[in-house]
Amino acid sequence: MSLISVKNLSRVFDVSKPWLNRMIERREKAFLTAVSDVDFDVAERTTYGLVGESGSGKSTIGRMLVGLLNPSGGTVEIEGVNLATETDAEKVDAVRSDIQMIFQDPFASLNPRWRVRDIIVEPVVARGGDATGLAEKLLEQVGLSALDAGKFPHEFSGGQRQRICIARALSSEPKLIVCDEPTSALDVSVQAQVLNLMSDLKENFGLTYVLISHDLTVVRHMSDRIGVLYLGRLVEEAAPDDLFDNPRHPYTKMLLEAAPKMDGFGREAELPEGEIPDPINPPPGCAFHPRCPIASDICKKERPEMRTLGETRVACHLAEA
């Protein structure tokens, strides 16, 4: 059963200069398409990974999933409820209580003036629930001491702060946690600890994760299914082994070839050609065609539709080539 169903999801931002500047410079309004017609489903108790270069729309999708941003087009349904259009306040409130988010920078997402106890129980207290002893219990579940509940965020290391963020996310007993680069600010050894903790919590609490990351190794280790984004478009989706062993889209192949490898010392990797196109004025057809080594005339004219090849979904005219 799908916990999340995303259909034709789009988000456009108005990045125009102020009205007076546009009048003086005789400029039109400028719009940036951060996400364009994205479709995917996430089954309950699974981890869905989203990868892609900076600016590909990963974090924007994450924020739309949790309701921090409204879509410009398309729908996001969680437990069958569209948070952007649902008029039944009780339904919306029930679904929102099942969603939490872990942000990239743990220190920036913690209130420096609050004690850890207050930070962790905030989602429960805000809904009028009983939070007696909850912070201490959750701190022990994420590998910290119950005595840490009386401290402030600045008294902890980066890895410990991320554990506090995870404890806060767990306090409302969510079904879905959107993790936006949860380990990118941590060193490698601490990353492994946090990822192992997240895996254990997923099994113990029956959680569903949407994992947003640049790190392909992390995504392969954690995910049941992976979606690859380029310039706001979903270009490929597959199980981890299928994606890494038999990538179908040229962009996915480029990402995998550019990634560091433990046994890759002295290897000759082809450098990616070209720059990411301007998202305010994206190229026609396939957005990747200016950088694609196998692009043909049809790639420059027609935008490829997502289609199924075996266990993989891919948006490429020449995926079989």
- Filter result (in contact with a Lys or Arg (Cβ under 9 Å, 6 or more places away or on another chain), among the hydrophobic types (A, V, I, L, M, F, W, C) and buried (at least 16 other Cβ atoms within 10 Å of the Cβ)) within the range 142-166: Val142, Leu144, Ala149, Phe156
- State which residue pairs qualify: first residue more than 14 Å from Ala169 (Cα to Cα) and inside the range 125-136, second residue in a loop (DSSP other than H, G, I, E, B) and of a type outside the set (A, V, I, L, M) in any location, beta carbons under 7 Å apart, and separation of 6 or more residues or different chains. Arg127/Ser97
- Message: Could you check the range 289-304 and list, in sequence order, the residues that are touching a Gly at 6+ places or on another chain (Cβ under 6 Å) and not in a loop (DSSP other than H, G, I, E, B)?
- Response: Pro290, Arg291, Cys299, Lys300, Lys301
- Item | Residue ID - farthest from Gln191 (Cα to Cα), chosen from residues in the range 100-122 that are touching a strand residue (DSSP E or B) at 6+ places or on another chain (Cβ under 7 Å) and outside any loop (DSSP other than H, G, I, E, B) | Gln100
- For residues in the range 213-234 being at pLDDT 95 or above and of a type in the set (Val, Ile, Thr), which is surrounded by the fewest Cβ atoms within 10 Å (Cβ to Cβ)? Ile226
- Task: Would you check if there is a residue in the range 12-19 being more than 30 Å from Met198 (Cβ to Cβ) and among the small types (Gly, Ala, Ser)?
- Result: yes
- In this structure, is Phe244 under 20 Å from the mean Cα position of the chain (by Cα) and more than 24 Å from Arg113 (Cα to Cα)? yes
- Message: Can you say whether Gly57 is surrounded by 14 or more Cβ atoms within 10 Å (Cβ to Cβ) and modelled with pLDDT under 90, as far as the supplied structure shows?
- Response: no
- Note on the structure: Quick count over the range 7-43, residues being out of contact with any helix residue (DSSP H, G or I) (no Cβ under 8 Å at 6 or more places or on another chain) and surrounded by 11 or more Cβ atoms within 10 Å (Cβ to Cβ), is 18
- Those residues of the range 123-145 which are part of a loop (DSSP other than H, G, I, E, B) and of a type outside the set (Gly, Ala, Ser) amount to Arg127, Asp130, Thr132, Val142, Leu144
- Could you please let me know if Val66 is over 28 Å from Ile280 (Cβ atoms), surrounded by fewer than 23 Cβ atoms within 10 Å (Cβ to Cβ) and hydrophobic (A, V, I, L, M, F, W, C)? no
- Query: Within the bounds of the range 255-270, is there any residue that is loosely packed, with under 12 Cβ neighbours inside 10 Å, farther than 16 Å from Ala319 by Cα and either at pLDDT 90 or above or touching a Cys at 6+ places or on another chain (Cβ under 7 Å) (or both)?
  - Reply: no
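The values are calculated or read from the model by the stated rules, or taken from the named source; none is laboratory data. Please read these numbers as outputs of a predicted model, since none were measured by experiment. As a convention, Cβ positions derive from the backbone with ideal geometry for all residues, glycine included, and neighbour counts pool all protein chains shown.
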